[in-house]
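In what follows, a structure is listed as C-alpha cells, so that the remarks can point back to it.
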Amino acid sequence: MAEIACTHCNLRFSEEVMIKEKEEDTQLFFCCKGCQGVYHLLNAEGLDTFYDKLGDTKLQPASQRHDDLEKFDLEGFKNKYIRTDEDGLCEISLIIEGIHCSACVWLNEKVLHKTDGVIEASINYSNNKAKVVWDPDVVKLSQIIETIRSIGYNAYPYDPKLQEERAISTRKTYYTRILVAVFGAMNIMWLAVAHYAGYFSGIQQSFKDILNVAQFILATPVLFYSGWIFFRGAYYGYKNNIVNMDTLVASGALSAYIYSIYAMIMQRGEVYFDSVVMIITFVLVGKYLEVLSKKHAVDTLDSLMGSTPTEVTTVKDGVKALMSVENIIVDDVIELKPGEKVVIDGSVTWGQGSFDESSLTGENEPIYKKSSDSILSGSLCLDSVLHYRATKDASSSMLTSIVNLLEESITKKPRIEQLANSISGYFSTIILIISLLTFVGWYFWADSFEQALIVGISVIVIACPCALGLATPMATLVGISVAAKRGILFKEASFLETMAKSDILALDKTGTITEGKPSVVTADFYEEFNPTLLHSLVSTSNHPISQGIKVYLETKHEKLEILTLEEIKSIEAKGLSASYRGKTLIGGNAELLQTHNITVDADSPNALFFFSINHTLVARFELSDTIRDGAAEAIQNIKNLGIKVVMLTGDHEQSAQKVAKQVGIDEVYAKLLPQDKAVMIDKFHEEEHVIVMVGDGINDAIALASADISIAMGNGADVAISVSDIVLLDEKPASIYEAYKLSRRTYGAVKENLGFSLLYNVVAVPLAMMGFVNPLVAALSMSLSSLVVVGNSMRIKFLKFKNT
C-alpha cells in the first residue's frame with residue numbers, strides 16, 4: 001500500500017496505519033493521536049498558517065509526555081534555573097528541541113504569547129535558545145513546558161555544561177568533515193598535476209577521461225559530505241528568504257561541479273573538480289578555525305563556572321550532610337575544606353583561612369578571612385577548614401550574578417555591529433546579482449560559456465560577507481573576555497563602544513578617589529556631654545563621615561549603648577538631627593549648623609563634623625580619608641589618553657581641592673547635592689561630551705543614571721552590579737584606566753576589521769570580475785580574509801596595560 005504523509009509532521013507511513021479524518025472536502029491523515037491533537041489545536045487557535053510556512057519540512061511526531069512535568073515546579077529547580085525580578089516575574093532560558101526552521105520559531109513564539117501569564121517569549125533561531133518571562137501567579141512553568149510539548153516540541157533548561165558538550169560535538173563534526181576534505185584535496189591535486197601537464201604537452205582522451213572520473217569520485221564526497229554544512233545553511237537561508245555566505249559557497253561549488261560533470265560526459269572543455277574540492281576545503285578550514293577562535297575567546301567566561309561543585313557540606317546541630325547547592329537557603333551553615341570552591345556567598349562563623357579570589361578580582365595574593373568576614377562565591381579556600389553562614393542562595397550569589405551579567409553582555413549588540421549586520425544582510429544578495437551580470441557579460445564578450453561560468457564562480461567565492469559579519473562580534477567577544485580576566489565586567493558589549501568614545505571622566509571623591517573610610521585626626525570638645533548621644537545619632541547613618549565618628553567613639557569608650565532617638569532626620573549632603581528626652585541633637589557639616597545659627601570654625605583642609613546639643617556646640621571633629629592606592633597614577637594615565645578628568649563632590653571646597661591636588665585633578669566642583677551632580681552631567685552633555693561617571697553607587701545614583709557610562713565602586717558587590725554599566729570587581733582606580741584602554745583597543749580593532757573587510761571586497765570582487773582570479777585562489781582568499789579578521793581580534797589579548 002502507498003505511503004502517505006502525515007498532515008501535521010509530514011513523515012510518511014503506510015496508509016493502512018494512518019488515522020483518517022475528513023474535514024469538509026479535505027482528507028486528513030495523522031500518524032498518531034499526538035499529531036492529530038496538535039493539528040486541531042493550531043486550527044482552533046487560528047495558527048493554521050504554520051503549515052504554509054512549514055512547507056515540506058519534516059517534524060518529529062508530537063509527543064505526549066507528562067511524567068516529568070512536576071520537576072519544573074520544584075524549589076530546587078527554581079533556585080537553579082529561574083530568575084525572579086523585583087516585580088515578581090520569573091525568567092528562564094530554555095533550549096527548544098525540534099526546531100528546524102523559522103516556521104518552528106514563529107509557531108513556538110505565537111503559542112507562548114497566546115498562553116495566559118506569559119509576558120515575553122523570544123527564540124534565537126541560531127542556537128534554539130528561548131528567553132521566557134511569565135507571571136507565576138497566573139501560570140506555572142510546567143504548564144508552559146506542557147504547552148511547548150503539545151505542539152510537537154520539547155524544552156529543557158539552558159545549562160552551560162550541556163552547551164559545552166554540544167560545542168565539543170560540533171568540533172568533532174567539523175574535524176571529520178575536514179579530514180575527508182583534506183584527503184580529497186591532497187589526492188585530487190596529484191591528479192590535477194597530471195591533468196595540467198597533459199594540457200600543455202598533449203594527452204590522449206582515454207587517459208583524460210580516466211583522470212576526470214577519478215577527480216569526480218574524489219570531489220563528490222568532499223562536496224556533499226564535507227560541504228554539507230554550506231548546503232544546509234543555504235537551504236535554511238532560502239527558506240527564510242536570506243542570501244548568506246553559505247549560499248555563495250554552495251552555489252559556486254555546485255555550479256563548478258555540475259559544469260564539470262557536463263564537460264566529463266560530453267568530453268568537451270575542461271573539468272574543475274579540483275576547484276570544487278579546494279573551495280570546500282579552504283572555506284571549511286577557515287570556518288573551523290573561526291569556531292576554535294570563538295570557543296577560545298569564550299573559555300574565559302566559561303572558566304568562571306568551571307569545576308563548580310554541585311553539592312556542599314552543611315552543618316546542622318553538629319551533624320554534617322551533603323546538600324545540593326540549589327537547596328541551600330539563607331542562614332544555612334556550610335563547611336569548607338582546603339581546595340574547595342565557594343559557591344554561595346556568606347560570612348565566616350568559625351575558623352579562619354586564606355582565600356584565592358583571583359577568578360573574581362584578578363589578584364593572585366591570598367586574602368586572609370576570619371570570623372565575621374564575608375566570603376564571595378567563586379573564591380577558593382586554600383589552607384583551612386572553616387564554617388560560614390550563607391547570606392544568599394545560589395541564584396543570587398556573586399558568581400551567578402557575574403555569569404548572568406556576562407551572558408547578557410555577549411547577546412547585546414553594539415550599534416556598529418548592528419550597522420555591519422545590516423550591510424552584510426544585503427551584501428550576499430548584491431554579490432549574487434553581480435556574479436550573474438558578470439557571467440552574462442563574459443558570455444557575450446568572450447563567447448565562451450565555460451570561461452563565463454568560471455569567472456562568475458570566482459566572483460561568488462571571493463566575496464566574503466563572513467569577514468564583515470565577524471568584524472565586530474569577534475573583537476567585542478575577545479574584549480569582554482580579556483576584561484573579565486582583569487576583573488572588569490561590561491554589562492553590554494555596546495558599552496565598549498560608548499566608553500571608547502568618552503572624552504570626560506567625572507569622579508566622586510569619597511569612596512571613589514579615597515577609600516571612603518575617613519578617620520578622626522583631631523577632636524575638640526567644648527563642653528562635657530554624654531558620648532552615647534553622639535554615638536546613637538551617627539549610628540542611624542551609613543555615611544562614611546558618620547561611620548568614621550562611630551568608630552572613633554567606640555575606640556575611646558568601652559560601653560556605648562544605643563539610645564532610642566526620636567524625630568530622626570537625614571539632611572541631604574549636610575548631616576543629621578534628632579531629639580532625645582527634650583534635647584535637640586544636630587550633627588553635620590558647618591553649613592548645617594550655620595542654618596541653625598550656631599557659629600563654628602570651618603577653617604580646615606580636612607572634612608569637618610560638628611555636634612551640638614540644644615543649639616550649643618559641644619564638639620568638633622576633623623576627619624581625613626586615605627586616597628586609594630594608585631589613584632594619582634591612574635588619573636594621570638587617563639589624562640594622557642586625552643580624557644578630561646573632573647571631580648564632582650558634596651564635600652566643601654578646601655577638602656575637595658586638597659584631594660584633587662594630591663591626585664592631579666585640575667577641575668573641581670564642590671558642595672554639590674546629588675541632583676546638582678546630575679545637572680553638571682547634563683551640562684557636559686549639552687556641550688556634546690560623552691561622560692563616564694564613577695561614584696559610590698548610592699549617593700551618586702542620580703548622576704550615575706545621567707551619565708553615558710556609570711561605574712559604581714566602594715559599596716559592595718550587590719550595589720555595584722545593580723547600578724553599574726561596568727562592574728569593577730577589585731574597585732581599584734587603575735581598573736578605570738584599564739577599562740578605557742581596553743575599550744579603545746577593542747573599538748579600534750572593530751574599525752580595523754571593518755576597514756579591512758570593506759577594502760578586501762572592494763579590491764577582490766573587481767579583480768574577479770575582470771577574470772584575474774580563478775575559483776581556487778578565490779576560495780583561499782575568502783578563507784584568509786576571515787582569518788585575518790579573527791587574528792586581528794585575537795591581538796587584543798596581547799594588549800599591554802602598564803605604561804613603559
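The values are calculated or read from the model by the stated rules, or taken from the named source; none is laboratory data. What you see is a predicted model, and the numbers here were worked out from it, not measured in a lab. Neighbour counts are summed over all protein chains in view; Cβ atoms, including those assigned to glycine, are modelled from backbone coordinates with ideal geometry. Note: accessible area is taken over every heavy atom of the protein model, side chains too, but ligands, DNA and RNA are not part of it. Shrake-Rupley method; radii C 1.70, N 1.55, O 1.52, S 1.80 Å.
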Search result, residues across region 641-657 that are assigned to a loop (DSSP other than H, G, I, E, B) and charged (D, E, K, R): Asp651
Selection from region 572-604 of residues that are loosely packed, with under 15 Cβ neighbours inside 10 Å and under 23 Å from Gly511 (Cβ atoms): Glu572
Residue count, region 339-398 (criterion: open to solvent by 30 Å² or more (accessible area, probe 1.4 Å), at pLDDT 80 or above and of a type in the set (Asp, Glu)): 3
Segments classed as strands (runs of 3 or more DSSP E), wholly inside region 1-58, with at least 2 members that are at pLDDT 70 or above and open to solvent by less than 60 Å² (accessible area, probe 1.4 Å): 3-5, 19-23, 26-30
Region 608-635 residues that are within 24 Å of Ile513 (Cβ to Cβ) and without any contact (Cβ under 8 Å) to a residue 60 or more places away in the chain, paired with ones that are open to solvent by 40 Å² or more (accessible area, probe 1.4 Å) and among the small types (Gly, Ala, Ser) (beta carbon under 8 Å, 6 or more apart): Leu608/Ala602
Region 507-520 residues that are free of Cβ contacts under 8 Å to residues at least 12 places away in the same chain and under 21 Å from Ala703 (Cβ atoms), paired with ones that are open to solvent by 10 Å² or more (accessible area, probe 1.4 Å) and assigned to a strand (DSSP E or B) (beta carbon under 9 Å, 6 or more apart): none
Test for Arg628: is it open to solvent by less than 30 Å² (accessible area, probe 1.4 Å), farther than 18 Å from Leu507 by Cβ and of a type in the set (Lys, Arg): no
Test: residue in region 603-613 that is acidic (Asp, Glu) and within 28 Å of Ala678 (Cβ to Cβ): no
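Which residues, taken from region 314-334, are among the polar types (S, T, N, Q) and crowded, with 18+ Cβ neighbours inside 10 Å?
Thr314
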Residue, nearest to Asp725 (Cα to Cα), within region 502-539, restricted to residues that are open to solvent by 40 Å² or more (accessible area, probe 1.4 Å) and acidic (Asp, Glu): Asp503
In region 744-770, residue modelled with the highest pLDDT [restricted to those that are under 21 Å from the mean Cα position of the chain (by Cα) and among the polar types (S, T, N, Q)]: Thr746
From the options Lys559, Lys491, residue that is surrounded by fewer than 22 Cβ atoms within 10 Å (Cβ to Cβ), under 30 Å from Met794 (Cβ atoms) and of a type in the set (D, E, K, R): Lys491
Selection status of Asn542, open to solvent by 40 Å² or more (accessible area, probe 1.4 Å), under 22 Å from His652 (Cα atoms) and under 45 Å from the mean Cα position of the chain (by Cα): yes
Odd one out for Phe772 among (1) in a helix (DSSP H, G or I); (2) surrounded by fewer than 16 Cβ atoms within 10 Å (Cβ to Cβ): (1)
Test: residue in region 558-571 that is under 30 Å from Ala660 (Cα atoms) and touching a residue at least 24 places away in the same chain (Cβ under 8 Å): yes
Residue count for region 669-692, restricted to those that are open to solvent by less than 60 Å² (accessible area, probe 1.4 Å), over 19 Å from Glu591 (Cα atoms) and either outside any helix (DSSP H, G or I) or of a type in the set (A, V, I, L, M) (or both): 7
Residue match in region 633-644 (condition: crowded, with 18+ Cβ neighbours inside 10 Å, farther than 21 Å from Glu572 by Cα and not hydrophobic (A, V, I, L, M, F, W, C)): yes
Where a residue in region 486-501 is on the phi > 0 side of the Ramachandran plot and its partner, wherever it lies, is open to solvent by 20 Å² or more (accessible area, probe 1.4 Å) and part of a helix (DSSP H, G or I), with Cβ under 6 Å and at least six apart: Gly487/Thr361
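Filter the strands (runs of 3 or more DSSP E) completely within region 477-533 down to those with at least 1 residues that are at pLDDT 90 or above, over 20 Å from Ser655 (Cα atoms) and not basic (Lys, Arg).
The qualifying strands (runs of 3 or more DSSP E) are 504-507, 519-525.
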